[in-house]
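Undergrad: Let me give you the structure first, and then I'll get to my questions.
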Amino acid sequence: MAPDPISKLPDVGTTIFTVMSALAQEHGAINLSQGFPDFDGPAALLERVQYYLTHGFNQYPPMAGAAALREAVAAKVRDLYGARVDAAEEVTITAGATEGLFCAIAATVRAGDEVIVFDPAYDSYEPVVRLQGASTVHVPLRAEAGFAVDWQLVADAVSPRTRMMIINTPHNPTGAVWSRQDIDALREVVAGTDMLLLADEVYEHIVFDQAQHQSMCRYEDLLARSFVVSSFGKTYHVTGWKVGYCVAPAALTNEFRKIHQFVNFTVNTPVQLGLADFLAGHPQHHLQLGDFYQAKRDLFCSLLRGSRFGLEPSGGTYFQLLNYGSLSGEADTELARRWTREIKIASIPISVFYRDPGELTQPFLRFCFAKDDATLSHAAEVLCSL
Ligand code: PMP
Ligand code: GLN
């Protein structure tokens, strides 16, 4: 008889992104569920990767990542955010942001510790915290106020066991973006504590309406206690490459790499070298990303104005929440599945990102608008007919 695996995560199933994408494929639905573009990365980037792939750059790069790419990241955070980070000791290239999040948590969170997360929370955070024998403390965002943070609730959630707070701005799945006031409130909460910050900034370049992305890299005092994680997949329309990075002070990076070296060791060479060339040669690409996606957000939202959905235009990311309260009383998990089958549009239910879904007082589905305009127009037409 096969041994019982004695699951470490008995209540964890397959991630909703995999479930909904598979359902979309099964039913031939337009897939606005899992977040990925339906267009390719820049031709010049593909060309650089192909160059390295076909010119013998196919063996292990350094454990922490190719020096040229780490230097390009250090230059980017300096130019954009004014951060002075050492490419050798404070930047690590990871297998997507997912690996960065895992390593930061595994390197620093111990059994018995508490980690503050904001609900709705991206689904990879909690299982990784629990694998360390630690627990998550959930602070609900204020759905009635554009999913803003209630800083009094955050202050109340802090305890002597709080080891880390996981921050995500621009926020998946709501599209909420932190303001300068949030930074001031964060400063007050962390003052006098030794709490670490894990900043998931994968949508750092996708911010709309002239807002400024509040990176931890902007604030020397906050960066001193932060792991800042980002993803080239979002920025260069290449989610399938799974390459990201983590910026953190040298002492934190040192601990981070102790985990990274045994989870992945390093990340494939041709993509790293190709990205390094592209960042150096096209520093304007990420500066235009906000406008690029804002046009898609505006198109999608304007087409939906005539629909029965309630909507507040997203402040960042490539996701738009739609409130379906006046169309259906079904649970979002049921409705997302039914609409994938029946109207052939797949979306993501957001209640799955709550510890207590009862805290979600309004019914929303999340739609990804990182799609060709024709696809968005067709999807909007179907949604308007409901
Ligand atoms: N964090 C958030 C908030 C995300 O939306 C995603 C992916 N879409 C990730 C982390 C993971 O990024 P990657 O694909 O680079 O691992
Ligand atoms: N982050 C993407 C999303 O929110 C999905 C990533 C994944 O499938 N793991 O849709």
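Please treat every number below as a calculation from the coordinates, not as lab data. These figures come from a predicted structure and were not determined experimentally. All Cβ positions, glycine included, derive from the backbone under ideal geometry; neighbour counts span all protein chains shown.
Undergrad: Looking at the chain as a GNM with Cα springs under 10 Å, which of 294, 50, 181 has the largest mean-square fluctuation?
TA: Result for the chain, Cα springs under 10 Å: 181 fluctuates most.
Undergrad: Expressed in nm to one decimal, what extension gain is obtained for the pair residue 323 and residue 58 from 0.36 nm per residue of sequence separation less their Cα-Cα distance?
TA: Extra length from residue 323 to residue 58 when fully extended: 90.6 nm.
Undergrad: Another question, then. Viscosity 1.567 mPa s, temperature 4 °C: Stokes-Einstein D of the range 281-386 from its Kirkwood Cα radius, in µm² per second? Present the calculation step by step, with values, prior to reporting the outcome.
TA: Numbers: Rh = 14.7 Å.
The Stokes-Einstein estimate is 88 µm²/s.
Undergrad: Could you order peptides 56-64, 301-309 by the average number of other Cβ atoms within 10 Å of their residues, highest first?
TA: Values: 56-64: 14.1, 301-309: 16.0.
Result, highest mean Cβ count within 10 Å first: 301-309, 56-64.
Undergrad: Within a 10 angstrom radius of the beta carbon, how do 343, 116, 6, 105 rank from fewest other beta carbons to most? Could the numbers behind the result be given before it?
TA: Values: 343 16, 116 22, 6 6, 105 27.
So the ranking, lowest neighbour count to highest, is 6, 343, 116, 105.
Undergrad: Just report the Cα centroid separation between the range 34-111 and the range 201-255, whole Å.
TA: Cα centroid to Cα centroid, the span is 11 Å.
Undergrad: Starting from one equal scatterer on each C-alpha and no solvent at all, send me the Debye-based log10 I(q)/I(0) for the chain at q = 0.06, 0.07, 0.14 Å⁻¹, two decimals.
TA: -0.23, -0.31, -1.30
Undergrad: Along the Cα→Cβ direction, 7 angstrom out, place labels at residue 262 and residue 193. What is the inter-label distance in nm?
TA: Distance between the two pseudo-spin positions: 2.9 nm.
Undergrad: For n ≥ 4 DSSP H runs only, could you compute -39500 (n - 2.57) per run for the chain, divide by its residues and tell me the 222 nm figure to the nearest 500?
TA: It comes out at -12000 deg cm²/dmol, rounded to the nearest 500.
Undergrad: Oh, and also: Note the per residue figure in Å³ for the convex hull of the C-alpha positions in the range 279-333.
TA: Numbers: hull volume 4.7 nm³, N = 55.
Convex hull volume per residue, Cα atoms: 85 Å³.
Undergrad: Taking the mean number of other Cβ atoms within 10 Å as a proxy for protection, how do you rank 350-356, 93-99 from highest to lowest? Kindly include the intermediate steps, with their values, before the conclusion.
TA: Numbers: 350-356: 18.1, 93-99: 23.6.
The most tightly packed comes first, giving 93-99, 350-356.
Undergrad: Above 16 angstrom, tally the Cα pairs of the range 217-285 and express them as a % of all pairs, no decimals.
TA: On the way: 1375 of 2346 pairs.
Percentage above 16 Å: 59.
Undergrad: Could you give the alpha-carbon Rg of the range 22-154 over 2.2 N^0.38 Å, rounded to two decimals? Walk me through the numbers on the way to the answer.
TA: Numbers: Rg = 19.8 Å, N = 133, 2.2 N^0.38 = 14.1 Å.
Cα Rg divided by the expected 2.2 N^0.38 Å: 1.40.
Undergrad: Then there is this: How many percent of Cα pairs in the range 38-93 exceed 15 Å?
TA: Numbers: 943 of 1540 pairs.
Summing the P(r) of the range 38-93 above 15 Å gives 61 percent of all pairs.
Undergrad: Apply the Debye scattering formula to the range 146-266, with a single equal point scatterer on each alpha-carbon and no solvent, then give log10 I(q)/I(0) at q = 0.11, 0.16, 0.19, 0.20 Å⁻¹.
TA: With no solvent term, the Cα-only Debye profile gives -0.41, -0.85, -1.15, -1.24.
Undergrad: May I pose another question? Let me have the relative contact order for the range 1-100, percent, based on Cα pairs under 8 Å that are six or more residues apart.
TA: Values: 43 pairs, mean separation 15.6, N = 100.
Relative contact order comes out at 16 percent.
Undergrad: Could you go through the range 43-59 in sequence order and give the Karplus-derived ³J(HN,Hα) for each residue, using 6.51 cos²θ - 1.76 cosθ + 1.60 with θ = phi - 60°, rounded to whole Hz, and x for Gly and Pro?
TA: 4, 5, 6, 4, 5, 5, 5, 4, 4, 5, 5, 9, 10, x, 9, 10, 10
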